[in-house]
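Just so it is clear, none of the values below were taken in a lab; they were calculated from the coordinates. These numbers come from a predicted model, not from an experiment. A quick note on method: Cβ atoms are made from the backbone with ideal geometry, for glycine too, and the neighbour counts reach across all protein chains shown.
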Amino acid sequence: MDIRKKCQPHLWLLTGTGEGHVFAKSLLKEGWKITVSVVSNRASIPYEKLNLEKILIGALISEEEIRSVILNARSHENGFHCVIDLTHPFAMKITGSITKVCKELGQPLIRYERTIENFSNAFLIEKFSDLKNYDLKNKSILLALGVRHLQEALLVARNSGANVYARVLANPESIRKILASSIKKSNFAILNPSVSSDGKIEKALIRKWNIAGVVCRQSGGRNEILWHRICSSMGINLLMLERPTKFKNINSVDSYDKLIKRLKSICLE
């Protein structure tokens, strides 16, 4: 007997990483019904060709919004078998809200956490103010961060005497925030992460600006691996903001196979 027949086959995936689309597609093939949450219309595009129950578009700002989605599903669709948190590793606020609401409602929750890679060429920092502990004076530093952290890192690096440059993603929010920041317009590039394994565009920027070090987040995934490869091959420093560990005790998995096993175990409870 298919174990899904013993439980509600509907999953709610809250996405914010590249794994979201991969997991959704695989779960659909295995017979699960899927509702997906994304933060923007642009983020919904990869999901539009999938046979989903729903695509919920827009950032979930409050606990009440999360609660409303779960209770609405219980009222009209027999509820969610499980909520799967696939949001970004640094999205602490939304993960905290999801965890709290699911606990209050007795709603099963699984968080996907990317494996933390150990790269010998990277320097970990706990907070951006730690940048002042490094010799950045008169050195060109490239910030490859989300725009939420850009201004804070920019000010610390600049106060440490660095010449600061930035790479930001080609989406409306990022463009608005970089234009509103204090960085020179000649010192940033707007692009999406390179799809090539060697990062040709990123390497070109490093050569153009004579970059001595890159600052990024320990967010895992393809983007982090790309920066490791680039910095290692070009002989420049890589400084990474350490991944938050606030939700270390949450019910989490670090692979698709482990997710499936956890879902099946919930069915048997």
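Could you compute the longest span of the chain free of trypsin sites (Lys or Arg not before Pro) located in DSSP loops and having at most 12 other Cβ atoms within 10 Å, not counting the site residues?
50-126
Taking a cut-off of 19 Å between Cα atoms, list the lysines near LYS54, but don't count ones fewer than 8 places away on the same chain.
List returned: LYS25, LYS29, LYS33.
Show that you can apply the helix-only estimate: for the chain, add -39,500 (n - 2.57) for every DSSP H stretch of four or more residues, divide by all residues, and state [θ] at 222 nm to the nearest 500.
-11500 deg cm²/dmol
Just need the relative contact order of the chain here, percent rounded to a whole number, with Cα pairs under 8 Å and 6+ apart.
Taking the mean separation of contacting Cα pairs over the length of the chain, I get 19 percent.
In debye, nearest 20: dipole of the range 122-241 around its Cα centre with unit charges on the Cβ of K, R (+) and D, E (-)?
With Lys and Arg at +1 and Asp and Glu at -1, about 360 debye.
When a footprinting reagent is the concern and you count Cβ atoms within 10 Å, what order do TRP209, TRP227 take, fewest first?
TRP209, TRP227
Compute the FRET efficiency between GLU117 and MET234 as 1/(1 + (r/R0)^6), taking r as their Cβ-Cβ distance and R0 = 22 Å, and round to the nearest 0.05.
0.70
Note down the magnitude of the dipole of the range 73-179 about its Cα centre, charges +1 on Lys and Arg C-beta and -1 on Asp and Glu C-beta and zero elsewhere, to the nearest 20 debye.
Numbers: 15 positive and 10 negative charges, 70 e Å.
Roughly 340 debye for the range 73-179.
Could you tell me the relative contact order of the range 122-241? Use alpha-carbon pairs under 8 Å, at least six residues apart, and round to a whole percent.
32
Using 1/(1 + (r/R0)^6) with R0 = 41 angstrom and r between the beta carbons of LEU50 and ASN133, what's the FRET efficiency to the nearest 0.05?
Plugging the Cβ-Cβ distance into 1/(1 + (r/R0)^6) gives 0.35.
Among VAL156, PRO172, SER182, flag the residue with its Cα farthest along the positive direction of the charge dipole of the range 152-208, charges on Cβ as +1 for Lys/Arg and -1 for Asp/Glu.
About the Cα centre, the residue reaching furthest to the positive side is SER182.
Which aspartates and glutamates have a Cα lying under 13 Å from the Cα of LYS258, excluding residues fewer than 8 positions away in the same chain?
Correct list for LYS258: GLU113.
Using +1 at the Cβ of each Lys and Arg and -1 at the Cβ of each Asp and Glu in the range 26-68, identify which of ASN41, SER62, SER26 lies farthest towards the dipole's positive end.
Toward the positive end, the furthest listed residue is SER26.
If one takes the longest principal axis of the Cα atoms in the chain, at what angle in degrees, from 0 to 90 and to the nearest 10, does the Cα axis of helix 256-268 lie?
The answer is roughly 30 degrees.
How high is the relative contact order of the range 1-127, in percent, counting Cα pairs under 8 Å that sit 6 or more residues apart? Working shown, then result.
Working: 166 pairs, mean separation 32.9, N = 127.
The value is 26 percent.
How far, in degrees from 0 to 90, does helix 221-234 lean away from the longest principal axis of the Cα atoms of the chain, to the nearest 10?
Taking the Cα atoms of the chain, the angle to 221-234 is about 20 degrees.
Can you give the charge dipole size of the chain about its Cα centre, rounded to the nearest 20 debye, using +1 on the beta carbon of Lys and Arg and -1 on the beta carbon of Asp and Glu?
For this selection, approximately 500 debye.
Looking at the range 1-101, which GluC sites (Glu not before Pro) are DSSP coil and have at most 12 other C-beta atoms within 10 Å of their C-beta?
The qualifying sites are GLU30, GLU48.
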